[in-house]
Amino acid sequence: MSSISGDSLPLGEVRWTGNSVLRKEDRRFLLGRGRFTDDVPSERALHLSFTRSPIAAGTIDSIDLSATLASAGVRGAFTAADLGNPGLEALMDRVEFVRTTMPLLAVDRVRFVGEPVVAVVADDAYAAEDGADLADVRVTETQSVMSAGAALAGAGPVHDQAPDGILIDLKMFPDPELDSVIEGSALLIEKTFSGSRLNASPMEGRVCLAEWDDRDEQLVVHVSTQVPHQVRSGLAAVTGLPERSIRVIASDVGGGFGLKCVVGREELIAAMIAMRLHRPVRWVEDRREGLTASFHGHEVTCHVRAGFDAEGRIQGLSADVVCDVGAYSAYPFTCGVEPLMAASEVPGVYKVPHFSSRGRAVSTNKAPTAPYRGVSRPQIVIVMERLMESAARRLGLDPVEVRLRNLIQPDEFPYTGPNGVTYEKGSYRESLELCTQAIEHAGWKSGPTTVPAPITGSPREVLRGIGIACFSERSAYGTETMGQRSMHMTPGYDVVHISMDPSGEVTVTAGTCGHGQGHETTFAQIVADQLSINPDQVKVREGDTDLSSYGWGTWGSRSLVIGGGAAHLAAGKLADRIKRVAADLMEVDVADVELTNGRVRVRGAADVGMSLKEIAETAYWQAQRIHSDDEYLLEARASFDPPGTFSNSTHAALVEIDPGTGDVHVIDYIVVEDCGVMVNPMIVTGQVAGGVTQGIAAALYERLTFDSNGQPLSGSYIDYLVPTAAEIPRLKMQHLETPSANSVTGSKGMGEGGAIGAPAAVLNAVNDALKQCSVEFDSVPVTPDLVLQALAAVESADASAA
């Protein structure tokens, strides 16, 4: 559907939902009028920098700040003892959970390279960095634990309270028949799958500006975050201030991908120093800090045993999930997010009669992890999609047919699996069939082929492969669902307040916090439909804890369903109030009043009516004319707390491998996506495309690596390969719309789906391209060196056999 501007549709005759309205927020960005956190002016601000640990594990012997304090421009230097605060503790109310504290600054031990030890503030950023470099921190290095496998093998504890390295150990869905079912199956597959540690790499890194407002006696913190209210709660925990004395503002946020849905130490330290010195304090993360000392993304290994019958139907599945969560449990989500998600949702779109799982979070001497886009689901989709491919190959069956035999069928919804998850209606079979039709229509072929070389044009042989991935995206988790995780802070609901001012314009405040998703546009479309006005008449405000009711921010594909659902309900209440006021003023029955084209009119008498502006002026300026029991005539508030929704999709990738260089390139990509009712198809397409890009990156390029002593080897974008437009093909996308019964708008979450499905689709395509060489990969990323090593090993084996 083509894009349209906000004033190009006739009012009252169409619904704004379903139209690709141009994003309201883009105008200010394109004109350079956006305001990101580092754009917030503050003439008196001091700049914050950190002395960070150069080693992964060690005990702090001494800290000498004399040279730092004597350095030009330095206004203060602080250690953990100076701040006098133990730090943040993320909590789960589960006996399996081991409590650990993430100190604001390292106290007596350092636990990863880049951990902050000293905080330095100075007149400018350069002086602050110089001062931080002069801090004399003496550390005795100890044995570091650099992998979850090493920790489980007894390499040593990262935390004394977890001597085996395990911070949570969950044994879920016990099935006494499972082992015998798997052993008795016609085909038993046992494999280990893994994905590398990732970096979110948002366009805007982490940044904050903290200051104490003497007039309001309030701590004001501007911060680039996805969760303003949770940052406020974290600040209250470390400062001792009541939450009403803290204001957190996230204006424009340049991406997050999960990195910014946890609370960082740096913003808390900036706030504490600002309070102490009565000076604003600014901290801006540089890219090296972002790559080495920020929160990282999921590093998951999954060992599975699966049994299939002779027709390729899965009979039983056992999964053992191990998540390397780094040195600390992130606040407020804890380290339990990854293992809980992975261990509970492995079956996905497939019917698995017998299932049991185990999920462990293991601490290592690496930076802590945050809920990176997709949260374990890219890995568990790899598990199921590789199992389907392996079963098909070993049984001599078509892999699409094997999927069709195992998918939850249309007449089986709602379907409750052995994991206790109830899946709402989806288009699993239809999306797979449409995707395979699209592959045929595009003329994709796998196997060796000849193509012209990029520069010379001479023929060269390449290997092509086709990969498919089917999956669902569980999203918009409400409190009932999130409560099953037993987090001390249980997210889920959101609240929206809506009001119409005397000019007839509407303001919406929400506890969600957009960072590129287009909330200002989609929320306005939802509200405009309820009030029969133009979206340009709706102003959406997010990201300010003084303006909005307590909310849970934006993550987990929740905002359009939960925040948008609350906006829909609140706007409906406001519409009812407008009708009651109009009925009173026009002396008609409220049942005869309708909203249309920015007016209120009497049904059957189009010439009898009032504009919304006339009604609003009367309500505010001549309230004596209105006889209503409503306390707030033109205001409304609503909350929404759903059980959750399930988007679904099928992805297909066509890859090309150069056997001479090992280079893998995705040359075509197809997506069939079903996220229920699309409020703005253009934004949905953009979200999917961005997710697919991240998924391709995880499959072929991105990985954080370390040496045996814990030194990061990916400290710049020369080493950590973020793909450019040259590496990403133009996507071919089809949309299905299966409305959700769990959503008041019929919409389902979809912000993570592209990143969830792409790694499995690309990995299957790589294996399809290499099947003639008997090479198979079950881990990502698949890099050129790994391809060359595998091909060389095959050649060597063939030579030996000859």
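The values are calculated or read from the model by the stated rules, or taken from the named source; none is laboratory data. Predicted, not measured: the structure shown is a model, and the values here were computed from it. Note that each Cβ is placed from the backbone with ideal geometry, even for glycine, and that neighbours are counted across all protein chains shown. Accessible surface is based on the protein model in full, side chains and every heavy atom, while ligands, DNA and RNA are left aside. Shrake-Rupley method; radii C 1.70, N 1.55, O 1.52, S 1.80 Å.
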With all protein chains present, how much of the accessible area of the stretch 145-304 (probe radius 1.4 Å) comes from carbon and sulfur, to the nearest whole percent? 49 percent
The chain: DSSP helices with Cα axial extent of at least 20 Å and average Kyte-Doolittle hydropathy no lower than -1.0: 377-395, 428-442, 564-586, 681-700, 753-769, 784-801
Dividing the alpha-carbon Rg of the stretch 430-500 by 2.2 N^0.38 Å yields what? 2.18
Hey, can you find the accessible area per residue of the chain for me, probe 1.4 Å, expressed in square angstrom? 38 Å²
Give the shape of the stretch 341-498 as rounded, prolate or oblate, defined through the alpha-carbon gyration tensor: a ≥ b ≥ c are the square roots of its eigenvalues, a/c under 1.5 means rounded, and otherwise the shape is prolate if a/b is larger than b/c and oblate if not. prolate
Can you give me the pair-distance distribution of the stretch 220-291, C-alpha pairs, 10 Å bins, whole percents? 19, 56, 23, 2
Given Cβ point charges of +1 (Lys, Arg) and -1 (Asp, Glu) and nothing else, what value in debye, to the nearest 20, does the dipole of the chain about its Cα centre take? 300 debye
Which residue, chosen from G543, A106, G18, occupies the Cα position most advanced towards the positive end of the dipole of the chain, where the dipole is computed from +1 (Lys, Arg) and -1 (Asp, Glu) charges on Cβ about the Cα centre? G18
I'd like to know which of G290, A270, V158 lies farthest towards the positive end of the charge dipole of the stretch 146-294, counting +1 on Cβ of Lys and Arg and -1 on Cβ of Asp and Glu. A270
If you scale each eigenvalue of the Cα gyration tensor by 5 and take the root, what three semi-axes come out for the stretch 582-713, rounded to whole angstrom and sorted largest first? 59, 21, 13
Could you pull out every one of the aspartates and glutamates with an alpha carbon less than 17 Å from that of K351, ignoring same-chain neighbours closer than 8 positions? D175, E177, D309, E311, E385, E389, E401, D411, E412, E424, E430, E473
dims of the stretch 503-571, Cα set, principal axes, largest to smallest, nearest Å -> 31, 24, 21
Hits among lysines - C-alpha to C-alpha of K771 under 19 Å, sequence gap 8 or more where chains match: K191, K445
Electrostatic dipole magnitude of the stretch 496-654 [Cβ: Lys, Arg +1; Asp, Glu -1; Cα centre; debye, to 20]: 360 debye
The alpha-carbon center of the stretch 581-655 and that of the stretch 339-355 are separated, in whole Å, by 43 Å
Taking N as the number of residues in the stretch 310-412, what is its alpha-carbon radius of gyration divided by 2.2 N^0.38 Å? 1.26
For the stretch 515-611, run through the GluC sites (Glu not before Pro) and keep only the ones in DSSP coil with at most 10 other Cβ atoms within 10 Å of their Cβ. E587
Taking every eigenvalue of the Cα gyration tensor of the chain, multiplying by 5 and rooting it, what semi-axes result, largest first, whole Å? 43, 38, 24
DSSP loop trypsin sites (Lys or Arg not before Pro) in the stretch 686-776 with at most 12 other Cβ atoms within 10 Å of their Cβ, which ones? R730
Which whole number in µm²/s is D for the stretch 503-628 by Stokes-Einstein, with the Kirkwood Rh taken over Cα pairs at 20 °C and 1.002 mPa s? 138 µm²/s
Student exercise, the stretch 271-387 dipole from Lys, Arg, Asp, Glu Cβ charges, in Debye to nearest 20: 400 debye
Of all the accessible heavy-atom surface of the stretch 27-134, with the other protein chains kept in place and a 1.4 Å probe, what percent is carbon and sulfur? 49 percent
Which lysines does K573 reach when only Cα atoms under 19 Å apart count, and residues fewer than 8 places away in its own chain are ignored? K539, K613
Report, to the nearest whole %, how much of the accessible area of the stretch 363-520 belongs to carbon and sulfur atoms, 1.4 Å probe, protein only. 49 percent
